[in-house]
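Visitor: For reference, the structure I am asking about is given below.
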Amino acid sequence: MKKLILVLAVATLPFAANAELSIKEGYAIEGKIFAVKTAKKYSSVEGCSAISEKKSKVAGFTFDVKTQKCTLYKKVRKLKERSGSVSGTK
């Protein structure tokens with residue numbers, strides 16, 4: 001029975017982490033940059049949000065649809081309206 005509970009707990013971890021991310025279309029983050037990702041695996045909102053969730057020091061991300069650039073932030077000062085951007089905060 002303990003093994004079954006452990007397996008269920010581990011299987012639901014990715015879904016629990018995803019529930020903590022608040023995603024907003026049409027907004028960009030202003031804050032302290034952690035990293036800028038341009039590799040193909042980060043060239044989508046899904047890829048950008050996935051790396052954001054995995055990094056404990058990251059507080060949020062902004063994905064620019066036009067340039068396909070994923071910017072990770074360690075501090076979020078504010079969100080500002082910007083078309084063509086999708087942002088997520090923890």
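The values are calculated or read from the model by the stated rules, or taken from the named source; none is laboratory data. Just so it is clear, the structure is predicted and the values come from calculations on it, not from any experiment. Positions of Cβ are backbone-derived with ideal geometry, glycine not excepted, and every protein chain shown enters the neighbour counts. These accessible areas exclude ligands, DNA and RNA; they are computed on the full protein's heavy atoms, side chains included. Shrake-Rupley method; radii C 1.70, N 1.55, O 1.52, S 1.80 Å.
Visitor: Looking at this structure, is Ser52 surrounded by 15 or more Cβ atoms within 10 Å (Cβ to Cβ) and either modelled with pLDDT of 95 or more or under 17 Å from Glu25 (Cβ atoms) (or both)?
Guide: Spelling it out, Ser52 is indeed surrounded by 15 or more Cβ atoms within 10 Å (Cβ to Cβ) and either modelled with pLDDT of 95 or more or under 17 Å from Glu25 (Cβ atoms) (or both).
Visitor: Using the structure shown, decide if Ser85 is open to solvent by less than 60 Å² (accessible area, probe 1.4 Å) and touching a residue at least 40 places away in the same chain (Cβ under 8 Å).
Guide: Against the criterion (open to solvent by less than 60 Å² (accessible area, probe 1.4 Å) and touching a residue at least 40 places away in the same chain (Cβ under 8 Å)), Ser85 qualifies.
Visitor: Shifting gears a bit: Which one of Thr38, Thr71 is touching a residue at least 40 places away in the same chain (Cβ under 8 Å), among the polar types (S, T, N, Q) and out of contact with any Gly (no Cβ under 6 Å at 6 or more places or on another chain)?
Guide: Within the list Thr38, Thr71, the selection yields Thr71.
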